[in-house]
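Asker: Have a look at this one.
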């Protein structure tokens, strides 16, 4: 409840900010209010780790200024060394908090030696704000953006609370001009509020209810569990992670629009993809573009020899897996996509196939592989993940049957599963566009806001009742 009072007070402060002709313009006032709110928001959830984020902001601001100065004086070699140092510092921060204990335990098991882990807690959103800071410094070095001399604006870019803890990863080039020059309107505020509400509903109504089924089934002994039940659990998790993450992205994009910012989309119906390549153009778009622009293309991309191209893909997908967490399951998940993409690009080549049946078959294979990938992703360990996948295929001799457990989950959560499947496709969006362009558009102009209100009340009711409310991507 306190977070809602925080939002209401903050919105009131933001939109009633006045002018001070001597010191600050209204836009400057609003930016500083945004920055203060962002720091308070992060402090509310992670009091001690706010200093980690502030330290990251200070280091990257200083390094960007230094690099810009050296580039201006034609000291390119020195600027390149500064960039390397900045990359190493950012990677070091990530490594210490996210991967150090994993590395210590892995080395201990490998060499059969005693070890003790540090037990450091993971700062929320560290991967997101570190990648944003890194992209800013790299872009300053490349000359694609101008260095920002106001440290408060760099802090605002990195710490902006709507997308701070779970993305999308925003490029500085996207909001460079928006920081100082933004357009506010009632229409933009309304669009942002609707987008936020839809994201909130995705998260609370769909993701949270689907998470109950996924959590219960993933907690079962797969060696004695009905494979149909395991398939149900994997499908629910596939839908849960989509609505959990895309719902948060929608809320971030909506809040950004309320405050005058236009963020790029982060999801585009990934489960209708016809290939693995297309899936990653539709899923977590900002992360895929980040690795493409800052790792894949600098290494040569696809315009290299076949062995080098395979190496480039391998590096990107191993890093993508590691980015999500310090566990062999994430490494295996990333490696799985590397193997799939090698098969797709060098053997299947679905975009060049004239046979429609081959294309349809590969689309089915893609969706199945994505689903199996999420099983590995969600498992406690690699052995458990592989065991779950094998059990889904009937490896342990348990018959496929519609038993009492399947019927119970279908009866209690079938409605949310069906909703999840339907809204994972563009069907409802297409229907909404047709209604807007129909002769009944004026009538719908009254009905639609009422529906939004009812959806909001429905979502809030789950919060009030204390429903299961995990946020998957807070861990990354």
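The values are calculated or read from the model by the stated rules, or taken from the named source; none is laboratory data. Since this is a predicted model, take the numbers as computed values, not measurements. Note that each Cβ is placed from the backbone with ideal geometry, even for glycine, and that neighbours are counted across all protein chains shown.
Asker: What about residue 192, is it at pLDDT 90 or above and outside the structural domain of residue 63 (by TED's automatic domain parsing)? Show your work before the answer.
Answerer: On the way: at pLDDT 90 or above: yes; outside the structural domain of residue 63 (by TED's automatic domain parsing): yes.
Answer is yes for this residue.
Asker: Are any residues in segment 272-315 out of contact with any helix residue (DSSP H, G or I) (no Cβ under 8 Å at 6 or more places or on another chain) and part of a loop (DSSP other than H, G, I, E, B), and if so, which ones?
Answerer: 297, 298, 303, 305
Asker: If residue 380 satisfies every condition in (1) out of contact with any helix residue (DSSP H, G or I) (no Cβ under 7 Å at 6 or more places or on another chain); (2) farther than 25 Å from residue 128 by Cβ; (3) surrounded by fewer than 13 Cβ atoms within 10 Å (Cβ to Cβ) but one, which is the exception?
Answerer: Condition (2) is where residue 380 drops out.
Asker: Out of 229, 198, report the one residue that is at pLDDT below 95 and assigned by TED's automatic domain parsing to the domain that holds residue 406.
Answerer: On the way: 229 fails: at pLDDT below 95.
That would be 198, the only listed residue that is at pLDDT below 95 and assigned by TED's automatic domain parsing to the domain that holds residue 406.
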